[in-house]
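Reviewing the structure listed below.
Nothing in this text is a laboratory measurement; each read-out follows from the coordinates by a stated rule. Treat the numbers as computed from the prediction; the structure is a model and nothing was measured. Cβ coordinates were reconstructed from backbone atoms using ideal geometry, including for glycine residues, and neighbour counts include every protein chain displayed.
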Amino acid sequence: MKKLFTEIGLFFQRKIRENVRQPVWIMSGLMTPLLYILLFSPLLRNLSHPPLTTAQILNSFVPGILTLLAFSTGMGSGWTIIHELETGVVERMRVTPAYRFSMLAGSVLADIASFLVPAVLVIVIAAFFGFEVHVVGLLILLVMLCLLVAIVSAWSTAIGLIVKQIGSLAAVVTTLQLPLTLLSGILLPISLGPLWLRVVAHIDPLYYTVEASRVLATGKLWATSIGVAWAVIVPLTVIVMAWATRVYRKAVA
Amino acid sequence: MDAAIETVGLKKTFPAKGKGGAVEAVRGVDLSIPHGEIFGFLGPNGAGKTTCQRMLTTLLPIGAGQARVAGFDVAREPSKVRCHIGAVGQLGGSDGPATGRENLMLSGRLYGLSRRDTLRKIDEVSELLDLGEPLDRVVNTWSGGQKRRLEIALGIMHEPEVLFMDEPSTGLDPQNRANLWTHILRLKERGMTIFLTTHYLEEADALADRLAIIDHGEIVAEGTPEELKRQVSPEEVAQRIQREVPSGATLDDVFFKICGRRLRDAESEEEEVA
């Protein structure tokens with residue numbers, strides 16, 4: 001057990017150090033959610049009569065943006081792992097006696113950390129413009145979104161190890177990213193859509209977190225949608241992490 | 001005493017992919033390498049060298065046959081094997097954005113050394129491999145030769161019994177290559193068994209106590225460089241067309257005698273196939 005924690009710590013530290021030394025990525029990670037708030041949220045103002053206030057817009061839009069941030073932060077790990085395959089890092093780590101799970105968990109935790117920092121920043125900036133902060137609800141939401149980062153990050157790592165090429169990875173990711181984002185209701189609530197769209201949305205894991213996120217952000221700690229989201233996210237985290245560890249075990253450049 | 005590396009009938013077949021049929025990369029390799037030896041594993045690209053090394057270092061499941069490394073069965077006790085070997089892959093695998101010291105620290109800790117022991121070990125290996133000056137610089141700024149020595153250092157932080165090296169001098173200029181050879185010989189002096197995969201004949205000639213030549217997944221010759229060269233008659237040497245006057249049999253002659261083509265030709269064939 002001690003070996004496991006030490007190793008996860010070491011791999012986590014390695015990734016964080018790498019991230020901190022490439023400040024360009026930190027900046028771009030921060031910019032995306034802020035740009036959404038700045039350039040997209042004003043479009044929502046005139047969707048209803050009378051026009052929504054900035055605070056109202058942010059209240060319904062910020063939770064979705066946090067989900068989107070979690071999703072895109074996790075997605076990046078596939079690119080990193082392909083680079084590590086090509087430079088022999090994966091192979092070097094795999095000849096050490098370190099647990100394969102530690103290698104995965106270290107990088108997943110680093111992704112979680114690089115999600116939390118901009119997420120908190122987004123909340124603080126949004127609060128400044130009138131977003132209502134319900135501390136407990138937001139904390140629970142962040143925990144849920146950390147699991148989402150873990151799912152996406154582990155998935156992306158595994159896909160990277162399987163397809164081994166940046167081009168193929170980009171194809172897989174972009175093919176999935178747009179439908180998953182649209183169906184999740186991040187940008188506009190799915191409830192606005194026709195029945196078939198609302199049904200199809202249920203195959204999208206993001207849909208459940210977005211639904212739950214809107215409730216949690218209002219400070220309400222229990223609702224069916226929150227329960228359903230946990231019931232989807234928790235088992236999915238376990239399954240994807242286990243699968244990605246298996247893929248790690250077999251990976252060769 | 002057990003051999004450091006022992007294989008019996010080691011095989012690996014890769015399943016058919018796309019249009020190509022199944023590839024028999026390794027077709028029954030028997031090796032017995034005693035402790036403390038530098039063993040050269042020589043052959044053209046695509047001969048099955050790297051596949052063998054990957055199986056012996058637990059990176060690739062063994063297809064068929066048996067392999068024991070450092071006294072442990074590779075298939076049944078992979079984690080024990082990993083604790084007792086070091087492996088330097090073709091691609092190196094150092095972390096570019098981290099400093100040399102940070103790379104070495106991670107490696108030492110992953111092999112189970114305490115922080116303090118790792119710090120001590122870093123001083124020792126950096127002296128052994130002359131890493132001194134750039135140690136606290138980010139590895140991306142290091143020269144090719146320095147990087148290669150760092151990557152060897154990463155593989156010996158835990159004093160492995162057996163060190164595997166896959167094409168360690170690829171991409172190095174002659175001066176850096178000679179320098180690397182000196183360092184590899186230093187490791188042997190410390191009692192390490194070294195399994196050296198290479199397609200540079202001069203490298204095997206300069207370093208190996210014994211060597212095996214592998215072609216199309218099979219071992220075609222095995223012995224000391226001298227023994228192998230003695231098998232080639234002066235007439236056969238004379239057949240070799242070269243600008244300089246040949247002084248004696250080279251390992252290329254050995255390869256030619258057995259495989260009917262020069263190693264360099266074998267490689268350009270590979271490239272054409274690819």
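Long-range amide H contacts for B:Thr99: which residues qualify at under 5 Å (H placed 1.01 Å from N, peptide plane, sequence gap of 5 or more or a different chain)?
B:Val139
How large is the helix-only mean residue ellipticity at 222 nm for chain B, computed as the sum of -39500 (n - 2.57) over DSSP H runs with n ≥ 4, divided by its residue count, in deg cm²/dmol to the nearest 500?
Calculated mean residue ellipticity at 222 nm is -11500 deg cm²/dmol.
Based on the Cβ-Cβ distance of A:Val234 and B:His35, what FRET efficiency does E = 1/(1 + (r/R0)^6) give at R0 = 51 Å, to the nearest 0.05?
Result of the calculation: an efficiency of 0.50.
Distance between Cα centroids, the stretch B:104-138 to the stretch A:145-210: provide it in whole Å.
Using only Cα atoms to place each centre, the spacing works out to 42 Å.
Each residue of the stretch A:127-132 in order: what ³J(HN,Hα) in whole Hz does its phi give by Karplus 6.51 cos²θ - 1.76 cosθ + 1.60, θ = phi - 60°, with x for Gly and Pro?
4, 4, 9, x, 5, 7
Between A:Ala229, A:Ala55, A:Ala158, which gets the highest mean-square fluctuation from a Gaussian network model of chain A, Cα cutoff 10 Å?
A:Ala55
Mean 1/r over all different Cα pairs, inverted: what Kirkwood radius does the protein assembly as shown give, in Å?
26.0
Can you give the calculated 222 nm mean residue ellipticity of chain A, where each DSSP H run of n ≥ 4 adds -39,500 (n - 2.57) and the sum is split over every residue, rounded to the nearest 500 deg cm²/dmol?
Only helices count here, giving -25500 deg cm²/dmol.
Just counting partner chain Cβ atoms within 10 Å, what average do the residues of peptide A:95-105 show around their Cβ?
5
How many nm is it between the label spots at B:Gln231 and A:Val143, if each spot is 7 Å from the Cα in line with the beta carbon?
6.9
Using the beta-carbon distance between B:Glu24 and A:Lys164 and R0 = 30 Å, what value does 1/(1 + (r/R0)^6) give for FRET efficiency, to the nearest 0.05?
For B:Glu24 and A:Lys164, the calculated efficiency is 0.85.
Over the Cα atoms of the stretch B:5-223, what is the Rg over Rh ratio if Rh follows Kirkwood?
My calculation puts Rg/Rh at 0.97.
Name the residues whose placed amide hydrogens come within less than 5 Å of the amide hydrogen of B:Arg210, ignoring near sequence neighbours (fewer than 5 apart) on the same chain.
B:Ile38, B:Gly40
Provide the gained length on full extension for the span A:Met1 to A:Val120, in nm with one decimal, where the gain is 0.36 nm per separating residue minus the Cα-Cα distance.
Taking A:Met1 through A:Val120 to full extension adds about 39.7 nm, to one decimal.
Set the Förster radius R0 to 45 Å, insert the Cβ-Cβ distance between B:Leu119 and B:His216 as r into 1/(1 + (r/R0)^6), and round the FRET efficiency to 0.05.
The value I calculate is 0.45.
Loop only per DSSP, at most 15 neighbouring Cβ atoms within 10 Å: give me the chymotrypsin sites (Phe, Trp or Tyr not before Pro) in the stretch B:156-206, ordered by residue number.
Sites meeting the loop and neighbour criteria: none at all.
How many nm separate the modelled label positions at A:Glu86 and B:Arg76, each set 7 Å beyond the Cα in the direction of the Cβ?
Roughly 4.2 nm, to one decimal.
Show the residues, 5+ positions off or on another chain, whose built amide H is closer than 5 Å to the amide H of B:Gly86.
For B:Gly86, whose amide H was placed from the backbone, the distant partners under 5 Å are B:Val162, B:Leu163, B:Phe164.
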